[in-house]
Amino acid sequence: MFFNSIEYFLFLPAIYLIFYFTPDRFRWIVLLSGSIFFYASLMQPYLLLVLFGVMLATYVFGKLIAARSEEKEKKRLFWIGAGINLAILVGMKYLPFITENLDLLLKAIFGKSIIPISPVIVSIGVSFYVFQAISYLSDVYLEIQESESHFGYFALYISFFPKILQGPIERANSLLPQLKKPYEFNYDNMRSGLLLFTWGLFKKVVIADRLAELVNRVYGNANAYTGLPLIVATYAYAIQIYMDFSGYTDMALGTARLFNINLTDNFNRPYLATSVAEFWRRWHISFSSWLQDYLFKPLQMRMRNWKSWGSVIALLITFFISGLWHGAAWTFVIWGFLHGLYMAVAVLYKPLQKKLYKKLKLNGTKILKLWKIFMTFNLVSFAWIFFRAESLRDASRVITNLFTGLGTQLGSLSVLKQSLSLGLGKFDLAVAAFSLAFMIVLEFTNRENNEHLLRLQKKPIYIRWVVYYFLVMWIALFSATGSQEFVYFRF
Amino acid sequence: MTTFERLNEIFCEVFDDDTIELKPEMTANDVDGWDSLSYVNLILAIETKFAITFSQKELLTFRNVGDLHKSIEKKLESRK
């Protein structure tokens, strides 16, 4: 059951009504059983076992860590608890990758297959809630979070259905207290929650799914294209994945808001970032702040005596892990490493850059800012090639052919037209362009994320309802045929 | 000079800005240029100037200037 499915449109009102008519002290039971039902609807029984294992181990070790006063003991228990979580994640997600590569290596050495290759299993949600569990154990160990003694609330913190499949990765100090607050019907939350949900649905089914058709056509057969189609598909993918993932997040946040719960916003107009480092403060924020707090900072602090080089190594390791987290494949590893490399180079280049800008008197100018946004967007889009490509071979093929034949393509109007539309009909192109323009005007002209929705709510009723109707009709009429699953479900 | 004043001096030096006036409740958001990279330089400068060493756990739990200051005081105190 996914957010864009008919089942979910039945499930959500049903669980809300049960929740509404249940007294406060039992409400956690409604949300917890609803969350487990939601996760069980994936029809993978072992996933429930994994979820329960993570809940139980993290709950127990959280209590154990908090109960000890000796620093050494606390640390040991933290590592055991985090180790169990990591072992679960590796077992679920990385065994096929590890055994496959080990097999290749052993074959090269001994000339024959020695170890069996593990089959790929569905692990939807595991990377998200395992990371959340590790953040909880870290916070308890660092004594910035008390351990939770109520197993029910703790289990709900791990499994709350709006965020179980694809995040946001919530910190305990932000989500746990909200789950315990008595519920009171709040008209504003209800309205803005439903609106945010609809907005996310629009981004997903009208824009992302439509662009996906174009992107899939090219990347599904990367051999057949050179030049402009590859460039168009790569930029289209940059927009597709943003619409897909931020659309999902809007739907998660919108759902949670119906229950008066505010989840962390994952996006803040990332493609307006002026550096790759800033991009990561605006893209998948709950994940990048996890990396920052629990991986980058500890590594960087440990290597602080190496000054800039310490930060460089910490960056490379962090983004290598980030790549691996997204998927057990070399394409993701390279994608992550590329981001690490971008930032590492930026760290080393910074002193020179400062001087250069001063000399050229560029500091604080609009031109410089636009140039930086343009460069950042292109660096990020280039890295997406690895993220999207089906294999390393495909990725390198795309990159080497990116500009092949571009001159002739740009020279001939009919070829130009053909490569820009990539088989997408005039109608689909118009819908995509119009929806995208609508989205950009609304989202990117605001200072705060999702401010456009707040502003809309202050408008007079005839404007509000026209927009509501428009949005719903637009979704109903122009959803891309062939609904796609969310990109980030795979991670 | 008090520890807090010395700390203020180190901040001015590391962030290359003489106008910084520290307050205990200040965080990275209140000081221009205070990001994760300059934070390392700041910590290194503090450790050298005061001849102290922070533990990994301490470095990961400072929430603001006040926390940092308290920890420095405590370390200087225990050395006496």
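Pull up region B:34-57, narrow it to residues that are in contact with a Leu (Cβ under 8 Å, 6 or more places away or on another chain) and among the aliphatic types (A, V, I, L, M), then point me to the one that is farthest from residue B:77 (Cα to Cα).
B:43
Please pick out the residue among A:10, A:49, A:17, A:56 that is aliphatic (A, V, I, L, M), out of contact with any helix residue (DSSP H, G or I) (no Cβ under 9 Å at 6 or more places or on another chain), free of Cβ contacts under 8 Å to residues at least 60 places away in the same chain and within 15 Å of residue A:159 (Cα to Cα).
A:49
Residue check: is residue A:172 under 30 Å from residue A:153 (Cβ atoms) and either touching a Cys at 6+ places or on another chain (Cβ under 7 Å) or free of Cβ contacts under 8 Å to residues at least 60 places away in the same chain (or both)?
Yes.
Might you check whether a residue that is more than 14 Å from chain A (Cβ to nearest Cβ), among the hydrophobic types (A, V, I, L, M, F, W, C), over 27 Å from residue A:139 (Cα atoms) and in a helix (DSSP H, G or I) occurs anywhere in region B:50-57? Lay out the reasoning, then the answer.
Residues of region B:50-57 that are more than 14 Å from chain A (Cβ to nearest Cβ), as a first pass: B:50-51.
Those still in the list that are among the hydrophobic types (A, V, I, L, M, F, W, C) too: B:50-51.
Now drop any that are not over 27 Å from residue A:139 (Cα atoms), which leaves B:50-51.
From the residues that got through so far, the ones that are in a helix (DSSP H, G or I) too are B:50.
Scanning region B:50-57 turns up at least one residue that is more than 14 Å from chain A (Cβ to nearest Cβ), among the hydrophobic types (A, V, I, L, M, F, W, C), over 27 Å from residue A:139 (Cα atoms) and in a helix (DSSP H, G or I).
In region A:358-381, which residue that is free of Cβ contacts under 8 Å to residues at least 12 places away in the same chain and surrounded by 12 or more Cβ atoms within 10 Å (Cβ to Cβ) is farthest from residue A:486 (Cα to Cα)?
Going residue by residue through region A:358-381, those that are free of Cβ contacts under 8 Å to residues at least 12 places away in the same chain are A:358-368, A:370-371, A:374-375, A:378.
When the remaining residues are screened for being surrounded by 12 or more Cβ atoms within 10 Å (Cβ to Cβ), the result is A:362, A:365, A:368, A:371, A:375, A:378.
Details: A:362: 41, A:365: 39, A:368: 36, A:371: 32, A:375: 28, A:378: 24 Å.
Among them, the one singled out is A:362.
When you check residue A:320 against the structure, is it within 30 Å of residue A:118 (Cα to Cα) and either away from chain B (no Cβ under 14 Å) or among the aromatic types (Phe, Trp, Tyr) (or both), yes or no?
In short, yes.
Regarding region A:216-227, can at least one residue be identified that is surrounded by fewer than 23 Cβ atoms within 10 Å (Cβ to Cβ), part of a helix (DSSP H, G or I) and free of Cβ contacts under 8 Å to residues at least 24 places away in the same chain?
Taking every residue of region A:216-227 in turn, at least one turns out to be surrounded by fewer than 23 Cβ atoms within 10 Å (Cβ to Cβ), part of a helix (DSSP H, G or I) and free of Cβ contacts under 8 Å to residues at least 24 places away in the same chain.
Starting from region A:272-287, keep only residues that are on the phi > 0 side of the Ramachandran plot, then list their pairs with residues that are not in a loop (DSSP other than H, G, I, E, B) whose Cβ atoms are within a distance under 9 Å, requiring at least 6 positions of separation or different chains.
A:284/A:245; A:284/A:249; A:284/A:270; A:284/A:488
Considering A:300, A:292, which residue is within 11 Å of another protein chain (Cβ to nearest Cβ), touching a Lys or Arg at 6+ places or on another chain (Cβ under 9 Å), assigned to a helix (DSSP H, G or I) and modelled with pLDDT under 95? Reasoning before the result, please.
On the way: A:300 fails: touching a Lys or Arg at 6+ places or on another chain (Cβ under 9 Å).
Selected residue: A:292, the only one of A:300, A:292 that is within 11 Å of another protein chain (Cβ to nearest Cβ), touching a Lys or Arg at 6+ places or on another chain (Cβ under 9 Å), assigned to a helix (DSSP H, G or I) and modelled with pLDDT under 95.
The values are calculated or read from the model by the stated rules, or taken from the named source; none is laboratory data. On a predicted model such as this, the values are computed, not experimentally measured, just so you know. Cβ atoms come from the backbone with ideal geometry, glycine included; neighbour counts cover every protein chain shown.
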